[in-house]
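Just below is one structure, and these are the notes that go with it.
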Amino acid sequence: MAAPGLLLLGLPALYFLTAYGCGEEEDRLAEVMAGSAVLDAAPEGAREEDRYRECDDDDRFVAVGRVYRYRGDEGSAQAFFREAARADGWRPRTTADGETVPGCFTASMGGTTAYLYLEGPDGGLLHVEVVADRAGTRWC
């Protein structure tokens, strides 16, 4: 009886200790994503407030982004990043119907599809983020 109990408890614990969470593969993906030139671009008048790089241990998706203090309007920010994204090799994300998803772009990075998207400016903050995972999840 002890052996089956040990297997039932031991196998999940072994998985948790060896395979669960973010690891070297996600670190490499984050490095590639952080090298995207569009993350270092900012519209005139924008001031960087924060930089981040994170990985979700449960789903193992990687996010790299910037937050800017920005007093401009959303249209100006969208136009600036649309041009910066294209110059950096990003393509507008389209739906199955061929419609363009506003503020969302895709590029192949680190062997998967990465998504660049823009939020704001809300409350004077503009968020620019690149997110991807190895499962091929569609983000924005």
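The values are calculated or read from the model by the stated rules, or taken from the named source; none is laboratory data. Because the structure is a prediction, the values reported are computed rather than measured. We place every Cβ from the backbone using ideal geometry, glycine too, and count neighbours over all the protein chains shown.
Laid out as a table, the results:
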{"item": "Residue in region 1-53 that is nearest to Arg82 (Cα to Cα), counting only those that are in a helix (DSSP H, G or I), of a type in the set (Gly, Ala, Ser) and at pLDDT 95 or above", "result": "Ala37"}
{"item": "Subset of region 81-111 [under 19 Å from Leu29 (Cβ atoms), buried (at least 16 other Cβ atoms within 10 Å of the Cβ) and of a type outside the set (A, V, I, L, M, F, W, C)]", "result": "Asp88, Arg93, Thr106, Gly110"}
{"item": "Conditions (1) within 13 Å of the chain's Cα centre (by Cα); (2) in a strand (DSSP E or B): number failed by Gly103", "result": "(1)"}
{"item": "Filter result for Gly72 (part of a loop (DSSP other than H, G, I, E, B) and either touching a helix residue (DSSP H, G or I) at 6+ places or on another chain (Cβ under 7 Å) or surrounded by 14 or more Cβ atoms within 10 Å (Cβ to Cβ) (or both))", "result": "yes"}
{"item": "Residues of region 38-80 classified as under 11 Å from Leu126 (Cα atoms) and in contact (Cβ under 8 Å) with a residue 24 or more places away in the chain, total", "result": "16"}
{"item": "Region 54-90: number of residues that are under 15 Å from the mean Cα position of the chain (by Cα) and either within 20 Å of Thr113 (Cβ to Cβ) or at pLDDT below 95 (or both)", "result": "12"}
